[in-house]
Structures are given as C-alpha cells and as structure tokens.
Amino acid sequence: MNNNKNLARLRDYSGRALILFASVILFVLMWLTVIDVIFRDAFNISITGLFEVTEVLMGVLVFAGVPIITAKDGHVAVTLLDNFVGTKMRILQKIIVNLICVIVLAVFAWVLWDAANTLAEYNEVTLFARIPLAPVCYFMAIMTALSVPIQLIMTFVPDEKLQELRSDGV
C-alpha cells in the first residue's frame, strides 16, 4: 500500500512540475507576443528572431503536455461503437487501442531521437536567433518516451479509476 502512495505522490508531483513548466513557457510566449506587438505599433520595430523563439517554445509547450495528457487519459477518443459493443469486447478494444498507442508513441519517440541526433551531428540552429535545435528535439523525444510507459500502464487501469484520473486537479 505504501508503494501505491509513493507512486501516486510521484505522479502528482511530476504532473505538477510539468504543468508549472508548461505554464511558464506559455506565460513567456504571451509576454513576448505582447512586447512584440507594442514595439511594432509604437516604434515600428520588430524583435529579430522572435518568430523562431516562438516556434521553439511552442514545440516545447506541446511536447511538455504529452505526458500530462497521457496520464489523464485525455487523448482524443472517438466513441462511435461504445453503445453497440459489449463489456468483454470493450475491454479487448481498450487493450488493442492502448497497445497501438504505445507502439505509435514509441515510434514517435524513436524518430524524434533519431532526428535530434541528426540535428546535433550537423549543429543545426535557427537562422536568426541561432537557437540550437538538437536539445529541443531531444526534449520532444524524451517527453514522448515518458508517455510510453504511462500509456502502457493505462491499458490495465480500470475504467472507474480512469474517470477519477480525468477529473483530478493535475
């Protein structure tokens, strides 16, 4: 029982840390946009490289949310057949869909890691801001890879517990 409490606490703290991180990124994006608009309107000056900074931060923001959404079972789900499928078939459907998601996430993580290696090998940076792209891509790969075991665990979580997870604060 103590082990379950520790896992729940780890899930809670790591989820809160990722949410805080994503919130800070979103806050930074918001203020960069506000400052850029004010500078354009008031002084006719555009911040050089801001478009690239925005692109990089948006990528970081989106991929920081992947483990959060996975842990809350918040991915898009189409439930057209739920009314026509029995309980046993629904369990089989859940297992198959979750295993497909695990495979897709694992492939995405692998492809992102491979792309990050290529970016690192060529020392790729953005054109104006000179932001290195490999660390961003590594971050995306790691966040996607973190979602793989979470999605695998979600395969075996009962539906009642999933409802509870969806309504949690984190």
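The values are calculated or read from the model by the stated rules, or taken from the named source; none is laboratory data. Only a predicted model underlies this, so the values are computations on that prediction, with no experimental measurement involved. For neighbour counting, all protein chains shown are included, and Cβ atoms are generated from backbone atoms with ideal geometry for every residue, glycine included. All accessible areas refer to the heavy atoms of the entire protein, side chains included, with ligands and DNA or RNA removed. Shrake-Rupley method; radii C 1.70, N 1.55, O 1.52, S 1.80 Å.
Taking every full run of DSSP H in the chain, the ones that stretch at least 18 Å from end to end by Cα along their long axis and average -1.0 or higher on the Kyte-Doolittle scale are 2-43, 50-71, 87-121, 133-154. Among the protein heavy atoms of the chain, carbon and sulfur supply 71% of the accessible surface, probe 1.4 Å, non-protein parts ignored.
Taking only DSSP H segments of four or more residues, each worth -39500 (n - 2.57), what value at 222 nm results for the chain once the sum is divided by all its residues, to the nearest 500 deg cm²/dmol?
On the way: 5 runs with 130 residues, N = 170.
Calculated at 222 nm, the ellipticity per residue is -27000 deg cm²/dmol.
Please state the shape class of segment 29-120: rounded when a/c is under 1.5, otherwise prolate if a/b exceeds b/c and oblate if not, all from the C-alpha gyration tensor. It is oblate, given that a/c is not under 1.5 and a/b is not larger than b/c.
Over all directions, average the projected area of the Cα convex hull of segment 100-161 and note it in nm².
Values: hull surface 20.4 nm².
The Cα convex hull of segment 100-161, projected and averaged over all directions, gives 5.1 nm².
In terms of the mean number of neighbouring beta-carbon atoms within 10 Å, the peptides 141-147, 101-107 order highest first as 141-147, 101-107.
In summary, the lysines within cross-link reach of Lys94, defined as a Cα separation below 19 angstrom excluding same-chain residues under 8 places away, comprise Lys72, Lys161. Taking the alpha-carbon centroid of each part, what is the distance from segment 96-123 to segment 35-63 in angstrom? Each part's Cα centre sits 28 Å from the other's. Can you work out the base-10 log of I(q)/I(0) for the chain at q = 0.11, 0.16, 0.19, 0.20 1/Å, using the Debye formula on its C-alpha atoms alone? Result of the Debye calculation: -0.62, -1.03, -1.24, -1.30.
In a simple Cβ point-charge model (Lys, Arg +1; Asp, Glu -1; nothing else charged), the chain has a dipole of about 600 debye relative to its Cα centre. By a 1.4 Å probe calculation restricted to protein chains, Ile100 has an accessible surface near 90 Å², given to the nearest 10. All alpha carbon pair distances within segment 1-68 were sorted into 5 Å bins beginning at 0; the resulting P(r) in whole percents reads 4, 16, 18, 16, 12, 10, 8, 5, 5, 3, 2, 1, 0.
A 1.4 Å probe run over segment 27-148, with the rest of the protein chains in place, finds 66 Å² accessible per residue. Taking amide H as placed 1.01 Å from N in the peptide plane, Val125 has its amide H under 5 Å from the amide H of Leu133, each at least 5 places away in sequence or on another chain.
At 0.36 nm per residue, minus the direct Cα-Cα distance, what do Val107 and Asp82 gain on full extension? Give it in nm, one decimal, please. Don't skip to the answer; put the middle values down first.
Numbers: separation 25, 0.36 × 25 = 9.00 nm, distance 2.80 nm.
This chain segment gains 6.2 nm when fully extended.
The residues Lys88, Lys72, sorted by heavy-atom accessible surface at 1.4 Å with ligands and nucleic acids left out, run Lys88, Lys72 from largest to smallest.
Of the residues Glu52, Glu121, ranked by 1.4 Å probe accessible area with the largest first, the sequence reads Glu121, Glu52.
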